[in-house]
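Everything below concerns the one structure shown next.
The values are calculated or read from the model by the stated rules, or taken from the named source; none is laboratory data. Here the structure is a predicted model, which means the values were calculated and not measured. Here Cβ is always computed from backbone atoms with ideal geometry, including for glycine, and neighbour counts include all displayed protein chains. Quick note on the areas: whole protein, heavy atoms, side chains included, nothing else; ligands and nucleic acids left out. Shrake-Rupley method; radii C 1.70, N 1.55, O 1.52, S 1.80 Å.
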Amino acid sequence: MAGFIQSVMDHAVSVARKAGEVVRDALRDDRKVMTKSSAVDLVTQTDEKVEQLIIQSVMEKFPKHRFIGEESVAAGESCVLTDEPTWIIDPIDGTTNFVHAFPLVAISIGFSINKQVEVGVVYSCLEDKMFTARRGKGAFCNGQPLQVSDQTDIHHSIISTEFGSNRDPEAVDKMFCSLRNILSLPVHGVRGAGTAAINMCLVASGCVDAYYEVGIHVWDIAAGSLLVLEAGGVLMDVDGGEPDLLSRRIIAANNRTIAETLVKEIAPFRLPRDDSSPEK
Ligand code: IPD
């Protein structure tokens, strides 16, 4: 099993590098922008091309594996996480950054078996930082081990979050309510990288103490979740319960003290789960 997981990791790293080249090249070209669920939920032909590149490459090596890919789901495929070996792919995490040439963009690849993430690879391709984690084997950036911060006092912390692409007035109110609560604690600062995967890598690296978001999807956080855990951090639902990668909400923190403090400040809003059918 260990050899198999390592071969998955090696393939994920190699295909993430290839995908990164495509993304870097595309930044020099015109970027034709389309929209998905809202006027600010952006997608480009590069997102679709990179997802196909990753899926094709994995299918050649692991023909029986399953996929959950952001653009495949947008095109109508179901988003169901089974016990089967599954690659969970965000071809460009930070599409809005990519469209604006804001320099933080990642290829995010998680691999799960029995619904547990075994491999997480986040390639921050404009910085050329390859973040990797294998369950039980630690988290790394370009081969250097990562460790979350040891901060336990929220008042001395930096928290990252994002506003996603939901502009429903109730959602916007709740996002601002959470932000106001957290800023007023006070905390040292609030940041947002524009990509969930890189926000999680920043937690794993110890330079951000926690990241939270309501509205993300499983492909945004599958790989990053393992990086946080393997760097010594914790995952929690925004109500303090068990984390659920398909629930569209997450706290990823350096420790439980910081995560539990955030739980008291976050005002969640309701969203359909990733694995709910459109009618629900
Ligand atoms: C988005 C980014 C963004 C987060 C959104 C995600 P995408 O992913 O991670 O930071 O706020 O919730 O959907 O669309 O760029 O792959």
- Note on the structure: Checked segment 161-207 with the C-alpha gyration tensor, a ≥ b ≥ c its square-rooted eigenvalues, rounded below a/c of 1.5, otherwise prolate if a/b is larger than b/c and oblate if not; verdict oblate
- Note on the structure: Across Ala231, Ala12, Ala101, the residue with the highest GNM fluctuation in the chain (Cα network, 10 Å cutoff) is Ala101
- Which whole-Hz couplings ³J(HN,Hα) result when phi for each residue of segment 59-64 is put into the Karplus expression 6.51 cos²θ - 1.76 cosθ + 1.60, θ = phi - 60°, listed in order with x for Gly and Pro? 4, 5, 8, 10, x, 8
- In square angstrom, what is the accessible area per residue of the chain with a 1.4 angstrom probe? 44
- Query: Normalised by the number of residues in the chain, what is the relative contact order in percent for Cα pairs under 8 Å and 6+ residues apart?
  - Reply: 17
- Expressed as a fraction of 2.2 N^0.38 Å, the rule-of-thumb size for a compact globular protein of N residues, what is the C-alpha radius of gyration of the chain? 0.93
- Under the rule rounded for a/c under 1.5, else prolate if a/b exceeds b/c, else oblate, using alpha carbon gyration tensor axes a ≥ b ≥ c, segment 1-98 is classed as oblate
- Note on the structure: In a Gaussian network model of the chain with springs linking alpha carbons closer than 10 Å, the residue among Leu146, Leu185, Leu126 that fluctuates most is Leu185
- Task: Any of Lys115/Lys264; Lys174/Lys264; Lys115/Lys174; Lys64/Lys115; Lys18/Lys129 with alpha carbons more than 23 Å apart? Name them for me.
- Result: Lys115/Lys264; Lys115/Lys174
- Task: Taking every pair of Cα atoms in segment 154-265, average 1/r, invert it to obtain the Kirkwood radius, and report Rg/Rh to two decimals.
- Result: 0.92
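Which percent, nearest 5, of DSSP beta bridges in segment 2-145 are antiparallel?
Expressed as a percentage, antiparallel bridges in segment 2-145 total about 90.
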- In whole angstrom, how far apart do the alpha carbon centroids of segment 21-91 and segment 228-280 sit? 24
- In terms of modelled amide H atoms, which long-range or inter-chain residues lie less than 5 Å from the amide H of Gly233? Val148
- Note on the structure: Bridge orientation stat for segment 143-280 from DSSP, antiparallel percent rounded to 5, came to 55
- Message: So, taking all protein chains as they sit and a 1.4 Å probe, how much accessible area belongs to His100, in Å² rounded to tens?
- Response: 130
- Roughly what % antiparallel, to the nearest 5, for the DSSP beta bridges in the chain? 80
- Note on the structure: Of the accessible area of the chain, computed with a 1.4 Å probe and all protein chains kept, carbon and sulfur make up a percent value of 51
- In debye, nearest 20, what is the charge dipole magnitude of the chain about its Cα centre with +1 on Lys and Arg Cβ and -1 on Asp and Glu Cβ, if you could check? 260
- Message: If each DSSP helix of 4+ residues adds -39,500 (n - 2.57) and the sum is divided by the residues in the chain, what number results at 222 nm, nearest 500 deg cm²/dmol?
- Response: -11500 deg cm²/dmol
- Note on the structure: Most fluctuating of Gly194, Gly110, Gly164 in the GNM of the chain (C-alpha, under 10 Å) is Gly164
- Message: Placing unit charges on C-beta atoms (Lys and Arg positive, Asp and Glu negative, everything else neutral), compute the dipole magnitude of segment 154-265 about its Cα centre in debye, rounded to 20.
- Response: 260
- Built amide H within the under 5 Å cut-off of Ala267, gap 5+: Ser178
- Query: What order do you get for 76-86, 19-29, 43-53, 150-160 when each peptide is scored by the mean count of other beta carbon atoms within 10 Å, highest first?
  - Reply: 43-53, 150-160, 19-29, 76-86
- Classify segment 21-74: rounded, prolate or oblate, from the alpha-carbon gyration tensor (a ≥ b ≥ c, eigenvalue square roots; a/c under 1.5 rounded; otherwise prolate if a/b is larger than b/c)? oblate
